[in-house]
Amino acid sequence: MNRDDPFAEPFDTEKTVIRPNPAGRRPAAPTPMPPPEGAQQAFGQPQSQPHGQPQAPAQAYAPAQAYGQPSAGGPAPAGPAVPLNNASAGMNALNAAASPLFALVARIRNRAQHADPAALRESVIAEVRAFGNNALAAGVPADMVRMARYAICATVDDVVLNTPWGGQSIWTQQSIVGTFHKETYGGDRFYDLLTRLEASPSQNLDLLEFFYVCLSLGFEGRLRVAQRGAEKHLSIRDGLARLIRTHRGSAEPALAPHWKGTGIRHQLISFWTPVFIASGAALAALCLIFFVFSFLLSGDTEKLGTQIAALDFNGPIELARPAPPPPPAPPAPKQVETIETVSAFLEPEIKAGLVSVRSEGNTLTISITGEGMFASASDQLDPRFQEIMDRVAKALDDEPGRIIVAGHSDNVPIKTARFPSNLQLSLARAKSVMAQVSLSLSDKARITAEGRADKEPVAPNDTPDGRAKNRRIEVILVKAA
């Protein structure tokens, strides 16, 4: 809520902003004609100060430029400058002083309801008093202030009482006209005063403009219920506009006094600017093409790897030549001794189901399984399995032969930026285990790593348990023939 707005309400976003056309100050208005005979009695209040123009204070409203005319080309008349409020630029002093009340009328004329009409009435009364004080301080004669005050009070009453909520509020018993001018038939003298002012328009232009604004904001008075009242109201307002234009002049002020831009010399585009733009666009296009083809190639690589893996199950390739004699079998006692030695050393891990040992020909295979050895799509060995790898290394350290660390996976495809396929993932895991095993080997040159993906399953891949068994690491000891 705006603290400077006396009529603002909580959660009210329908703000009406008056933006006058700034056009400097016009010469002082001619001395207005004396008020009609009996005017003081009609308004029901004594004259608050003698006729004439009181001295305007430093913060008073300044008279505005003549209606519809541009500012004078010559210098302003000599005299002290009077600071202007933003709302008063381009208005006569009466309109400037009443701008908050005009804004109120514009806001409430179409309101379907109001939260607190009594509080609104008190705010209007305070603002009407402020209007009178500001107009007097701006040098407006007291009689003109009283006429303008009557007009704005009648306008507020007429607009409020014709809203859905105004006819059921305190306004029906305590109108603003009745409060300030002691009239119970509020607003009926509006058109009578307007007729008297139109008799001497050159002396009452400010008041005529004020009455025109009241008519434009919705005051209708007795014409609201009269036959063809809307047409009469429009005729009166149009006639008043023509009368004001006749005496103010027909020239319209410029909408934008400072419409010309700053004169800046045109600067030619550098020769290198298009070159840099074209180079940047070409580089961006090349990067886009690279990433598109890289993505397409990774998909083809996965398909090709799957096809190559399937070739391993077609059996060995037979050559049209006599088969070589089979190699001699290793000594049985040595083989039995090796597997028994390794199995005895890894007996705790075998009983825990983490390790299994088997022998085939001249190879001894230690298979390491267990959930959690590696996180999904990761090659980082879980610290819990580091001790197991150290034990496997110590079991094979005294046994002669090459050591191969083989990584195996299930058949669920993987495609990440780091591991485009299961082959790369299984190789990375084998290298991670090889690094841990080699820490406990006295000859680190005898160990290598291989990735075998899902080419050597030990269980069906159609169940979660089978896939878990296929995700394993095998440490293979290859003994010399």
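Derivation of every value follows stated rules applied to the coordinates shown; laboratory data play no part. Bear in mind that the values here come from a model prediction, so they are computed numbers and not experimental data. All Cβ positions, glycine included, derive from the backbone under ideal geometry; neighbour counts span all protein chains shown.
Measuring from a point 7 Å past the Cα of ALA435 along Cα-to-C-beta, which residues in segment 410-427 have an amide N at less than 19 Å?
417-420, 423-427
THR195 versus ILE125, label points 7 Å from Cα toward the beta carbon: distance in nm?
Placing both labels 7 Å beyond Cα along the Cβ direction yields 3.3 nm.
Among ASP192, ASP379, ASP462, what is the fewest-to-most ranking by other Cβ atoms within 10 Å?
By the 10 Å Cβ count, ascending: ASP462, ASP192, ASP379.
Among LYS415/LYS469; LYS444/LYS479; LYS394/LYS455; LYS431/LYS479; LYS351/LYS469; LYS394/LYS479, which pairs are too far apart, with a Cα-Cα distance over 27 Å?
Going by Cα-Cα distance, LYS394/LYS455 fall outside the 27 Å limit.
By how many nm would the segment from SER235 to SER442 grow when fully extended, if each residue of separation counts as 0.36 nm and the alpha-carbon distance is taken off?
63.2 nm
Among ILE414, ILE339, ILE289, ILE388, which comes first, then next, by fewest other beta-carbon atoms within 10 Å?
ILE289, ILE339, ILE414, ILE388
Determine, for ARG107, ARG321, ARG471, the number of other Cβ atoms within 10 Å of each Cβ, and report the residues in order from fewest to most.
In order of increasing Cβ crowding within 10 Å: ARG321, ARG107, ARG471.
I'd like the distance separating the alpha-carbon centroids of segment 97-132 and segment 386-445, in whole Å.
86
What full-extension length gain, to one decimal in nm, is calculated for ALA344 and SER298 as 0.36 nm per residue of separation minus the Cα-Cα distance?
Gain in length upon complete extension: 12.0 nm.
Obtain the nm distance between the two label points defined at GLN168 and GLN307 by a simple spin-label model: each point lies 7 Å from its Cα along the Cα-to-C-beta direction.
8.4
Checking the a/c ratio against 1.5 first, then a/b against b/c, what shape does the Cα gyration tensor give for segment 124-202?
oblate
Taking amide H positions as placed 1.01 Å from N in the peptide plane, with prolines and chain starts having none, which residues 5 or more places from ASN92, or on another chain, fall under 5 Å of its amide H?
For ASN92, whose amide H was placed from the backbone, the distant partners under 5 Å are ALA64.
Summing +1 for each Lys or Arg and -1 for each Asp or Glu, what net charge is found among the other residues whose Cβ lies under 11 Å from the Cβ of VAL392?
Combined, the nearby Lys, Arg, Asp and Glu give -3.
Only residues of segment 428-472 count here: report those whose backbone N is under 17 Å from the spot 7 Å along Cα→Cβ of ASP397, or say none.
434-447
If R₀ is 60 angstrom, what is the calculated FRET efficiency for the pair LYS351 and ILE277, using the beta carbon separation as r and rounding to 0.05?
Between LYS351 and ILE277 the formula returns 0.25.
For segment 332-478, what's the radius of gyration and Dmax over Cα atoms, in angstrom?
Rg, Dmax (Cα atoms, Å): 14.8, 50.
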